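Here is the structure we will look at.
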């Protein structure tokens, strides 16, 4: 059978289908069990009846067979009824179940999906600094992991030469075995074998020896362990001999601290900053700057659609300017978008900066689908709403992209716009660079899933029915490198988003140079004593416009005023 890469673990939406598939299979399995029980019940009745007959007949065989009816029934039983019983015994009651299972198996996850889900769990463990025991014992919302589960996670890490995570999960598996949990597939000897090699690879000779000796206590004839024991002892003696006794003790101390122990080398230089922001740590916003962030009712310069019913706008960040719109899309509209996208979800792709070819990237773990305005009135309405609120022309924008994040789904730090070293990034579209991004959250997320801006240390948390908007380019057309952002891994819950990438063409007379005419314009800013100051000096008109809007908003509603701490996920409006 051809091995098809399904990437089922990437999309929680598609994994939902697997739950119902499994439910159907359980029903089918119960039907099979009932059929087998009925079959056994019939056979048991036959056995009981024949047991009584044979017991009576064998007490006086000649007398029993002297009765013509008994003789006839014996012939009938042996000629006909035993044949029927044989047929019943040979009947395979599993045919229906096996047929159903065979049909459903084509939708089952494969080895790559299982490996991907295991890596996702380890990604969450690292990003949110979760203790292995917390995950395994079910303290993280969900079910506990068995010894076999922990062992399998360790094996996945081992196959990737990730000895750090191999050690973490093999230690947990061993701990659960020591606490009395049983396993039918793995034993302490196998786990200790993996453990000794993993800690050795991390430079911990003393611990490698400790695990090897414990293994040999359980199985003195273990060939590899005996060889490793001699090798580890030789290496440790050699190390102490070269460095001397005192230096040897120091080296031993280093070994026990970890040597080369730790997470594998990372290709992402900003990994630490990214993960801190995902945990809500290190968000850089001074109280003075915070005091200049407001909530307001916004009608985009008295746009006809919003004069009577303006939208709720909230300042999320000042540099670069990021705003959030609340209650911008209804639940019904969001469900329709999900319904349209779900059958077409595919693993998200990234444009290779060298070849320009779209390819699956390990740093974007989600599934996405593209929806055109012509496909459904709801999509067309959302596009029109984006244009009305932002004031930008969406006819040159890309189709609405819908993304669903599954287990540990994330999108590591990236830019939405094409950089100078990617001059042909959007050449085939003929609409220029991505000037702005509109990101709509279509689900609440129980934990994780924030959108973080690593350069400025900002974090925006998902809230269903809200959209965030920012400019990727300065008015000059230069890329704003402060907009480098990422989608944090989903820890608990389900994350649906849709985004609209708006391009330069068509915006020539819509994004004006006078910042006072468009509150979303983000001038290059510098920091002066913690205050917002446009480059080249203050712009009184721009500041006045912002203040006027806020005063009007406060007058309209006392409850919709100055924004609170941006680290809070929910904002009362």
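Quick notes
- Among all positions in segment 446-453, there is at least one residue which is in contact with a helix residue (DSSP H, G or I) (Cβ under 8 Å, 6 or more places away or on another chain), at positive phi and touching a residue at least 24 places away in the same chain (Cβ under 8 Å).
- Some residue of segment 416-426 being assigned to a strand (DSSP E or B) and either modelled with pLDDT of 95 or more or under 28 Å from residue 127 (Cα atoms) (or both): no
- Selected residue (criterion: farthest from residue 30 (Cα to Cα)) from residues of segment 76-102 that are within 54 Å of the chain's Cα centre (by Cα), part of a helix (DSSP H, G or I) and modelled with pLDDT under 80: 102
- Summed over segment 111-142, the residues that are in a loop (DSSP other than H, G, I, E, B), within 17 Å of the chain's Cα centre (by Cα) and either modelled with pLDDT under 80 or surrounded by 14 or more Cβ atoms within 10 Å (Cβ to Cβ) (or both) give a count of 5.
- Any hit, segment 32-48, residues being within 30 Å of residue 343 (Cβ to Cβ), outside the structural domain of residue 496 (by TED's automatic domain parsing) and at pLDDT 75 or above: no
- Scanning segment 454-480 for residues that are free of Cβ contacts under 8 Å to residues at least 60 places away in the same chain and on the phi > 0 side of the Ramachandran plot returns a single hit, 477.
- Identity of the residue in segment 181-233, under 16 Å from residue 148 (Cβ atoms) and touching a residue at least 40 places away in the same chain (Cβ under 8 Å), that ends up surrounded by the fewest Cβ atoms within 10 Å (Cβ to Cβ): 194
- Pairs with Cβ under 7 Å, 6+ apart, first in segment 82-101 and farther than 17 Å from residue 33 by Cβ, second assigned to a helix (DSSP H, G or I) and at pLDDT below 80: none
- Criterion (crowded, with 21+ Cβ neighbours inside 10 Å, modelled with pLDDT under 95, in the same structural domain as residue 423 (by TED's automatic domain parsing) and under 31 Å from the mean Cα position of the chain (by Cα)) met by exactly one of 361, 369: 369
- Residue ID - surrounded by the most Cβ atoms within 10 Å (Cβ to Cβ), chosen from residues in segment 488-499 that are outside any strand (DSSP E or B) and on the phi < 0 side of the Ramachandran plot: 488
- Count - residues of segment 412-442 that are free of Cβ contacts under 8 Å to residues at least 60 places away in the same chain and either under 20 Å from the mean Cα position of the chain (by Cα) or buried (at least 23 other Cβ atoms within 10 Å of the Cβ) (or both): 1
The values are calculated or read from the model by the stated rules, or taken from the named source; none is laboratory data. Since the model is a prediction, treat every value here as computed from it, not as a measurement. For neighbour counting, all protein chains shown are included, and Cβ atoms are generated from backbone atoms with ideal geometry for every residue, glycine included.
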